[in-house]
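Novice: Take a look at the following structure, please.
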Amino acid sequence: MPIRPGVDALLKELAVNPDEEPLRVRASQLLARLGRHREAFELLRDRFINLTAHDGPTLPCLCRRCLQPDLGHAHARDMDFARRFVVARGRVLYYWAPLELADDPGLARSVGARLSARLA
Ligand SMILES: [Zn+2]
């Protein structure tokens with residue numbers, strides 16, 4: 001089943017409205033789901049400060065210095081993980097989500113709440 005609206009339509013819309021933050025975030029989330037991780041990362045890079053703490057070594061670190069743009073999946077402790085992110089107030093927090101929960105809105109909400117609490 002195709003994801004609507006399509007990512008190309010979103011990117012076109014974003015090219016016309018580069019300051020539309022929610023649109024930028026939606027396009028980036030969709031790119032990440034499609035496995036286009038570098039593009040997803042690049043959409044956010046210059047607009048959101050990466051607040052992810054330096055971490056490791058079980059999973060690849062996602063902090064500002066270590067994050068590898070192309071690395072959208074990881075495997076650790078017999079589990080597969082997908083890279084996801086949440087944004088709030090011009091900040092982005094990247095995290096590794098267990099693959100089966102990667103697109104669970106509940107998980108994104110709870111990570112988002114953590115980010116908002118940190119910024120409060
Ligand atoms: Zn790091």
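The values are calculated or read from the model by the stated rules, or taken from the named source; none is laboratory data. None of the values given here were measured: they were computed from a predicted structure. Glycine also receives a Cβ, built like all others from the backbone with ideal geometry; neighbour counts cover every protein chain displayed. In case anyone asks, the SASA skips ligands and DNA or RNA and just uses the protein heavy atoms, side chains included. Shrake-Rupley method; radii C 1.70, N 1.55, O 1.52, S 1.80 Å.
Novice: What shape does region 58-105 take by its C-alpha gyration tensor, where a ≥ b ≥ c are the square roots of the eigenvalues and a/c under 1.5 counts as rounded, a/b above b/c as prolate, and the rest as oblate?
Specialist: Oblate shape, in that a/c is at least 1.5 and b/c is the bigger or equal ratio.
Novice: For ASN17 and ALA76, what is the calculated FRET efficiency with R₀ set at 30 Å and r taken between the beta-carbons, to the nearest 0.05? Display every interim value, and only then the final one.
Specialist: Numbers: r = 39 Å, r/R0 = 1.28.
In this case the efficiency is close to 0.20.
Novice: With +1 on each Lys and Arg Cβ and -1 on each Asp and Glu Cβ, and nothing else charged, work out how big the dipole of the chain is about its Cα centre, in Debye to the nearest 20. Please list the in-between numbers first.
Specialist: On the way: 19 positive and 15 negative charges, 73 e Å.
Dipole size: approximately 360 debye.
Novice: At 1.4 Å probe size, with no ligands or nucleic acids counted, give the accessible surface of HIS73 in Å², nearest ten.
Specialist: 100
Novice: Alpha carbon centre of region 1-63 versus region 73-104: separation in Å?
Specialist: Going from one Cα centre to the other spans 12 Å.
Novice: Further question on the same structure: Can you give me the Kirkwood hydrodynamic radius for region 7-119, using every pair of distinct Cα atoms, in Å to one decimal? Spell out each step's value before the answer.
Specialist: Numbers: mean 1/r = 0.0698 Å⁻¹.
After inverting the mean inverse Cα-Cα distance, the result is 14.3 Å.
Novice: Counting only helical runs of four or more DSSP H residues, what would the 222 nm mean residue ellipticity of the chain come to if each run contributes -39,500 (n - 2.57) and the total is spread over all its residues?
Specialist: -12000 deg cm²/dmol
Novice: Right, another one. How much length is gained on full extension from ARG65 to LEU99, taking 0.36 nm per residue of separation minus their Cα-Cα distance?
Specialist: Details: separation 34, 0.36 × 34 = 12.24 nm, distance 2.41 nm.
Going from the current span to full extension adds 9.8 nm.
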